[in-house]
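Please treat every number below as a calculation from the coordinates, not as lab data. Quick caveat: nothing in here was measured; it's all calculated off a predicted structure. Here Cβ is always computed from backbone atoms with ideal geometry, including for glycine, and neighbour counts include all displayed protein chains.
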Amino acid sequence: MNIGQAIRLCRTQRGASQGAIAQRANCSVSYLSMLENNKRDPTLSTVTKIAEALHVPVGLLFVLAADQDELGEIDGSITAQLMQSALALLETTANMTTRAGNHYG
């Protein structure tokens, strides 16, 4: 599982800085950076706070973070569709946020 990569993907898709997300998630920028670089393992409560700061469901982070071997017997084509759907959802909500004028900084 690569939760750091999923956090970075969501953050960059949102056009948000590490500083903005760290402030909203009540953590330091250096800690968020360490998470994104897989140098720390966050608690579930930290992942939840970051997901809320990113305005994404926490489950989306876990879907984006999952490696194929962690998904067990799920067919690869279903996994690919799930990932595409998750990314499309992220892009759609990012566009809605931008149009609404909610910028992260």
In degrees, nearest 10, the alpha-carbon axis of helix 44-54 is tilted away from the dominant principal axis of the alpha carbons of the chain by 70
Could you give the C-alpha radius of gyration of the chain expressed as a fraction of 2.2 N^0.38 Å, taking N as the number of residues it contains? 1.06
Place +1 on the Cβ of every Lys and Arg and -1 on the Cβ of every Asp and Glu in the chain, take the dipole about the Cα centre, and give the residue among M1, Q84, I21 whose Cα lies farthest towards its positive end. I21
Can you put D75, D41, D69 in order of Cβ neighbours within 10 angstrom, beginning with the fewest? D69, D75, D41
For the chain, built as a Gaussian network whose Cα springs stay under 10 Å, the top-fluctuating residue of I21, I78, I50: I78
Residue-averaged 222 nm ellipticity for the chain, from DSSP H runs of 4+ at -39500 (n - 2.57), nearest 500: -21000 deg cm²/dmol
Using the alpha-carbon atoms, what tilt in degrees (0 to 90, nearest 10) does helix 3-14 show relative to the longest principal axis of the chain? 60
